[in-house]
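In what follows, a structure is listed as structure tokens, so that the remarks can point back to it.
The values are calculated or read from the model by the stated rules, or taken from the named source; none is laboratory data. All values reported here derive from a predicted model rather than from experimental measurement. Ideal geometry is used to build each Cβ from the backbone, glycine not excepted, and the neighbour counts take in all protein chains shown. Surface areas here come from the heavy atoms of the whole protein model, side chains and all, with no ligands, DNA or RNA. Shrake-Rupley method; radii C 1.70, N 1.55, O 1.52, S 1.80 Å.
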Amino acid sequence: MKRSTSPLAAALLAAVVGSVLSPTVAAAADSPDSGYNVGCTLHPDQGQESSADPAGIGFDGERNDIAVSPQSRRISAVSESVYPEAAATTGEDCGVSGDFSDRLVVGPGTSGLAAGDRVPVEVTVHLDVELTEVWDGDGAFQVRARYSAGASITSLDDCTEVEEGRSCDQPLSFGADDEHYLYGGPQQLPWYPQGYVEAQARESHHFETNTGVAVEHFRDHGRPGGEDDTLLCDSWPCAAESALLHPDGQAPLEFTGAAELVVGSRYDLSGSLNLFTQAYDDVGTRGVAAVDDFSFTITPAAGYEGVALDYASAGGTPADTTAPQVQVDVTPAAPGGWHTTPPTVRLSALDESGPAALTFGATGAVEIPETVVEESVLGHGVTEVLVDVDGLTEISYRATDPAGNVSEPQTLVVRLDRAAPTLSGLAAVTVAATSSAGATVSYGVGAVDAVDGSPLVACTPPSAGTFPIGVTTVQCSATDDAGNRATGSFTVTVTAPAPSADPMGRLGQAIGAANVRFEIRQGLLVAHRAIELLIDTGQRKSVVCGSLGTLNVLVTLLRTWSLIPSRDAVAISSAIRDVRASIRC
């Protein structure tokens, strides 16, 4: 069961406390604690007495008093309001509140259980309370008596984070409330022509444990079986002893249920009690709320009597059930997860109760058999491991304290790589051009690494690209996971095609090799083909020479307009001259 609060208990507690005083609430602490408040107020405001210390007010031990015992997990208290005889007042409010907290640690004792084992227990809550209303029958009156009680056992270790905050296992959650409000007098009302006494009364309680035990009760009653505004007397005078809500008194309440605790866990134990009374409008009116005993007990189930329940209030030293820890420091750090220089791993066994022993070992690149370190030159339970072999080293470790508590086994993987990869496939490549643009060249460059099986290889220009005619240097690099980098280079040579013996063929090669836009090259090649047709069909020399002259003028214009590089224009013009010379233009 997770911790919960009864809405009715919360509302009633707020009403009680807000009308008279603000109680001291004991916070969860390693040592037992308690607090209380007692106070009364006259109405109208003719004066008041209240104090956080019962010994500090005049009616201590008389009408209002309280005793709180964290050791017994018990509270007893009484609150009594009496209508004062001073004519200037209309009534009196009184309130008493108190609370306690204690700390419980569950140890294995002689049970043979280990930390984390569950222990069945029986939890019992006892509540002996009496609410009393008194009036003398002379005139109209109002009298009220109420109480609110709560108790809990809450784990400080078995907790989870939820959207609403932190939720902790709660072996016990208990709350109880009861209120009596009586009023009446000789007033003649249409429905009570002879006077009357009426009552309003509400009671509730809940008892829950973490094993599923749940008791819920709410009742809105006057006399048992009645309901709100129950008529207790329909004529006046009405004797108080004949118009009681509980003529036979109120029987003590006892709630018992099975719960579970955990060996090695700590628990906060708390209890609170609030009483409130009022007496108004007539001398002799009294309201009394008396709690003889509000307490709870925890008893291990049969077969678990050897379990140690160590209470802070008992003054003993709780058993050590907290496991030690191992602190790990790695120098230097490896931001990317890999070290490129040998690191030192420092292991330190830590425990609040005293020196702890360290057990460690290593496998992988560095091999260390399992070793126990109790005392060393570095300190108790401290050692250092130098990882100086490339590769992966897995270091395992745990700690043991003097009480025998052992930390969870843990591992640390250390990655060391000091060597760069080795590049392969950097041989020079020579190919013949397949066009004036050069040739498509593919090559294979790889890398191997002693630790990283797949280093990253990158080359510029990349493989399967077009390489121009001439010599191009390819730059390559290989990088492993640790960031180690190797570089290298090789050359790719693309040779130009052999020149043609035919002047018209050389002209075509010059046009094809020109670094011009596609459509310009195509236009020049069309003109070249047209001239070839003129020669092949035996056209007059003057026609052929004129066409060659026109082509030369076009190349000159392209050069002027920067649409063809000068070098390429010169090569084409030179080829045109060779053709003209061959046909004797």
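Values as computed for the structure displayed
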{"item": "Net +/- balance of residues flanking ARG146 in space, Cβ distance below 10 Å, scoring K and R +1, D and E -1", "result": "-2"}
{"item": "Three-way shape call for region 111-178 based on the alpha-carbon gyration tensor, with the a/c threshold at 1.5", "result": "oblate"}
{"item": "Å² of accessible area per residue within region 416-517, as computed with a 1.4 Å probe and no ligands counted", "result": "50"}
{"item": "Karplus 3J(HN,Hα) series, Hz, for region 291-297 with 6.51 cos²θ - 1.76 cosθ + 1.60 (x for Gly, Pro)", "result": "10, 6, 7, 10, 7, 9, 10"}
{"item": "Relative contact order for region 304-449, counting Cα pairs under 8 Å that sit 6 or more residues apart, in percent", "result": "21"}
{"item": "Added length on full extension, which subtracts the Cα-Cα distance from 0.36 nm per residue, HIS246 to ARG418", "result": "53.0 nm"}
{"item": "Estimated dipole of the chain in Debye, rounded to 20 [Cβ of Lys and Arg +1, of Asp and Glu -1, Cα centre]", "result": "8000"}
{"item": "J(HN,Hα) series, region 343-350, from Karplus relation 6.51 cos²θ - 1.76 cosθ + 1.60, nearest Hz, glycine and proline x", "result": "x, 10, 9, 9, 10, 10, 7, 10"}
{"item": "Listed candidates [x] 1.45; [y] 1.29; [z] 2.02 - label of the one calculated as Cα Rg over 2.2 N^0.38 Å", "result": "[z]"}
{"item": "Kyte-Doolittle at least 0.0, axis length at least 20 Å by Cα - qualifying DSSP helices, the chain", "result": "7-20, 518-536, 541-560, 566-582"}
{"item": "Placed amide H near ARG74: partners under 5 Å, 5+ positions off or other chain", "result": "SER69"}
{"item": "Under the Karplus curve 6.51 cos²θ - 1.76 cosθ + 1.60, θ = phi - 60°, whole-Hz ³J(HN,Hα) for region 438-445, x wherever Gly or Pro sits", "result": "x, 8, 7, 10, 10, 9, x, 10"}
{"item": "Helix-derived mean residue ellipticity, 222 nm - over the chain, DSSP H n ≥ 4, -39500 (n - 2.57), to 500", "result": "-4500 deg cm²/dmol"}
{"item": "Percent RCO, i.e. relative contact order, over the chain, from Cα pairs under 8 Å lying at least 6 residues apart", "result": "12"}
{"item": "For THR383, net neighbour charge (Lys/Arg +1, Asp/Glu -1) across residues whose Cβ lies under 14 Å away", "result": "-3"}
{"item": "Mean separation of Cα contacts under 8 Å (6+ apart) over length of region 470-580, as relative contact order %", "result": "25"}
{"item": "Whole-percent carbon and sulfur share, accessible surface of the chain, 1.4 Å", "result": "52"}
{"item": "For ILE583, distant residues with modelled amide H under 5 Å away", "result": "none"}
{"item": "Förster radius 56 Å - calculated FRET efficiency between CYS159 and GLU384 (Cβ-Cβ, nearest 0.05)", "result": "0.95"}
{"item": "Interchain or long-range residues, amide H under 5 Å from LEU426's placed H", "result": "none"}
